1. Among the helices (runs of 4 or more DSSP H) contained in the stretch 260-374, which hold 2 or more residues that are within 22 Å of His231 (Cβ to Cβ) and within 21 Å of the chain's Cα centre (by Cα)?
2. Go through Ala150, Ala176 for me and flag whichever is open to solvent by less than 10 Å² (accessible area, probe 1.4 Å), farther than 30 Å from Ile360 by Cα and part of a helix (DSSP H, G or I).
3. Please enumerate the residues belonging to the stretch 26-47 that are assigned to a strand (DSSP E or B) and surrounded by fewer than 16 Cβ atoms within 10 Å (Cβ to Cβ).
4. Would you please name the residue that is surrounded by the most Cβ atoms within 10 Å (Cβ to Cβ), looking only at residues in the stretch 396-421 that are outside any helix (DSSP H, G or I) and of a type in the set (A, V, I, L, M)?
5. Any residue in the stretch 223-235 that's of a type in the set (S, T, N, Q): show its pairings with residues that are open to solvent by 10 Å² or more (accessible area, probe 1.4 Å) at Cβ separation under 7 Å, as long as the two are six or more apart or on different chains.
6. Does at least one position in the stretch 346-354 carry a residue that is open to solvent by less than 30 Å² (accessible area, probe 1.4 Å), under 17 Å from Leu408 (Cα atoms) and in contact (Cβ under 8 Å) with a residue 24 or more places away in the chain?
7. Just need a number here: residues in the stretch 314-326 that are among the hydroxyl-bearing types (Ser, Thr, Tyr) and open to solvent by 10 Å² or more (accessible area, probe 1.4 Å).
8. Under the condition of being part of a helix (DSSP H, G or I) and more than 22 Å from Ile360 (Cα to Cα), which residue from the stretch 241-259 is most open to solvent (accessible area, probe 1.4 Å)?
Amino acid sequence: MSLNSVLRYKGKPTDPQALGRELKVGAVLMGRLIQHGDDLSITTELVDVRDNHRLWGEQYNRKLSDIIAVQSEIAQQISEKLRLRLTSVQQQQVAKHYTENIKAYELCALGNYYLRPQTKEGMQKSIDFFEQAIKIDQNYALAYAGLSKAYFTLGMRGFWLPNESRQKSEWAALKAVELDDSLAEAHALLGLVKEALSWDWMGAEKEFKRALELNPNSAFVLGLYGTFLVHNGRPDEAIPYAQRAKELASGSIPGEAYAYLHKRQFDKAIEIQLKAKEGKPDRGNFQLAEAYIGKGMYQEAIAEMQKVVARDMEPERWDSYPILAYAYAAAGKRDEALKILKEQNELAKKGYISPYNFAIIYTGLGDKDRAFEYLNKAYEEHVPVMQHFPSRPMFDPLHSDPRFADLLRRMNLPPERFMKT
């Protein structure tokens, strides 16, 4: 079960049976932690979802410095109580401490907390916390993995120059693997770097498969491998991995919707995305907007992207204003699309705006020459979103142009796998 799937219940009164049914699990671990200075009081209770029966419970009174050890103790006691048949590797994972330094542990946890929403400010804060953790424990592989993720995402969102993002995310991923070759997340991040920044598809797949060997039940690893398969032109293969990631995350991610979008099965993608959005009608989703565009539902796409823009207010992002401009152009509202294009050009005079942003807008406007001009710039810069350009439905109008096939060959991809004519 992934952290994101349970984080939404934090601090809320929760009925274990209702929660278990929602998460589709057989047992729920409830816990409460109270801190008084350096003293910790941790109360835990394992509840059977079927009949609300208390399977196990314990109270731990420890010093703050013992928090790392007590996590392993709780996990081992639960596995023994449930008589789980763990492999030797799984037993090692339960008992493993990524650091013995409590301060480094706290700083890494803060780094992951600020990284999770993937805002520019949050990711910059997360880097600071990860770096502080590494200063304390230079062998903390998990902190290096967090750094790699933050460095990559800043480049992918268009907040950093591609070269800076590439160098730093690759360095941090390699360092994490060097320090702990058994860390699945580190191998998955190295796979992401090879896929997105070097277009080394064979090398990337090798790393993803190694990550899955190490931890086949990681929603993070399964999700990354699923998107890799989509970008590699193999969306059918991606679906089971995406579905498994979704199961582990208990429906908190749309999972296979991404594969269906790239398969041009827009109705299915829309259905899955809308289900994932239940209870959050005001939260915009750019992939849902893309599916609406593919379906020809341009007004719905515009409305969805307006929610995205209102929430993020980060014009550097390729998945924000540029897709809204594309939707406007597709709907025949050319003036609105040109207004966004002008705004992006003005921003580019003051700071970095990815050429990928302009490629999206010009494709929507039907200007193939300018679209390829900016796609080639994105290729030259190794912009860390180019890996999904070949399979993305937004760029279908470019497929019949010989320049599309040429660009794919330079990215080490077979054009025939992607071209929709």
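The values are calculated or read from the model by the stated rules, or taken from the named source; none is laboratory data. All of these numbers come straight from a predicted model, not from anything done at the bench. Every residue, glycine among them, receives a Cβ derived from its backbone with ideal geometry; neighbour counts consider all protein chains shown. In case anyone asks, the SASA skips ligands and DNA or RNA and just uses the protein heavy atoms, side chains included. Shrake-Rupley method; radii C 1.70, N 1.55, O 1.52, S 1.80 Å.
1. Details: elements: 266-276, 286-295, 298-312, 321-330, 334-350, 355-365.
The helices (runs of 4 or more DSSP H) meeting that bar are 266-276, 286-295, 321-330, 355-365.
2. On the way: Ala150 fails: farther than 30 Å from Ile360 by Cα.
Of Ala150, Ala176, the one residue that is open to solvent by less than 10 Å² (accessible area, probe 1.4 Å), farther than 30 Å from Ile360 by Cα and part of a helix (DSSP H, G or I) is Ala176.
3. Within the stretch 26-47, the first condition is being assigned to a strand (DSSP E or B), and the residues that meet it are 27-36, 39-47.
Once the filter is applied, which keeps residues that are assigned to a strand (DSSP E or B) and surrounded by fewer than 16 Cβ atoms within 10 Å (Cβ to Cβ), the stretch 26-47 yields Met30, Gly31, Arg32, Leu33, Ile34, Gln35, His36, Asp39, Ser41, Thr43.
4. Of all residues in the stretch 396-421, those outside any helix (DSSP H, G or I) come to 399-401, 411-414, 418-421.
From what's left, of a type in the set (A, V, I, L, M): 411, 413, 419.
Details: Met411: 16, Leu413: 20, Met419: 16.
Taking the candidates together, the pick is Leu413.
5. Matching pairs, first to second residue: Thr227/Tyr258; Asn232/Trp201.
6. First, pick out the residues of the stretch 346-354 that are open to solvent by less than 30 Å² (accessible area, probe 1.4 Å): 353-354.
With under 17 Å from Leu408 (Cα atoms) added as a condition, the list becomes none.
Among the residues of the stretch 346-354, not one is open to solvent by less than 30 Å² (accessible area, probe 1.4 Å), under 17 Å from Leu408 (Cα atoms) and in contact (Cβ under 8 Å) with a residue 24 or more places away in the chain, which makes the answer no.
7. Step one: filter the stretch 314-326 for residues among the hydroxyl-bearing types (Ser, Thr, Tyr), giving 320-321, 326.
Checking the rest, the ones that are also open to solvent by 10 Å² or more (accessible area, probe 1.4 Å) come to 321, 326.
So the count comes out to 2.
8. Filtering the stretch 241-259 for residues that are part of a helix (DSSP H, G or I) and more than 22 Å from Ile360 (Cα to Cα), the one most open to solvent (accessible area, probe 1.4 Å) comes out as Glu247.
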